[in-house]
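The values are calculated or read from the model by the stated rules, or taken from the named source; none is laboratory data. This is a predicted model, so every value here is computed, not measured. With ideal geometry, Cβ positions are generated from the backbone for all residues, glycine too; neighbour counts draw on all protein chains shown. When the accessible area is computed, the model is the full protein with side chains, heavy atoms only, and any ligands, DNA or RNA have been set aside. Shrake-Rupley method; radii C 1.70, N 1.55, O 1.52, S 1.80 Å.
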Amino acid sequence: ENLHGVVTFNFTVEGGKLANIEVAGGAENLYIKAEDLATYVNAIVSTQDISVDAISGATTDCQAVTSALTAAFAD
């Protein structure tokens, strides 16, 4: 959940590595531009690290992605 409402993400893992991140629901609650979100999630996938820099002006939306990812893989 971010400041604007609930957003649901799907995470795809292939070969033990994160392969894809996509918005599964609540996209209307994101204020980040689609191309900026793509840049951000591609950076996470390519580095396999959630500590990539957030997109300027979309910090809360970027935090929603990393929070969901952290929660999904907390087990």
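A few points about this structure:
- Estimated 222 nm signal from helices in the chain, with DSSP H stretches of n ≥ 4 weighted -39500 (n - 2.57), rounded to 500: -12000 deg cm²/dmol
- Nearest-ten-degree value, helix 59-72 long axis tilted from longest Cα axis of the chain: 40
- Note that the stretch 8-19 has calculated 3J(HN,Hα) couplings of 10, 10, 10, 10, 10, 10, 9, x, x, 10, 5, 10 Hz, one per residue in order, obtained from phi through the Karplus relation 6.51 cos²θ - 1.76 cosθ + 1.60 (θ = phi - 60°); glycine and proline are x.
- Each peptide among 13-20, 43-50 gets the average number of other Cβ atoms lying within 10 Å of its residues, and from highest to lowest they stand as 43-50, 13-20.
- Once the 1.4 Å probe is applied to the protein heavy atoms, the chain comes out at 62 Å² accessible per residue.
- In this structure, the amide hydrogen of residue 9, modeled 1.01 Å from its nitrogen in the peptide plane, lies closer than 5 angstrom to those of 24, counting only residues at least 5 positions away or on a different chain.
- Label point distance in nm, residue 20-residue 60, each placed 7 Å from Cα along Cα→Cβ: 2.9
- Relative contact order of the chain, pairs being alpha-carbon contacts under 8 Å that are 6 or more residues apart, as %: 30
- Coil-residue chymotrypsin sites (Phe, Trp or Tyr not before Pro) of the stretch 10-62, DSSP, other Cβ within 10 Å capped at 15: 31
- Protein accessible area in the chain, 1.4 Å probe - carbon and sulfur %: 48
- The equivalent ellipsoid of the chain has semi-axes of 19, 14, 11 Å, largest first, where each one is the square root of 5 times an eigenvalue of the Cα gyration tensor.
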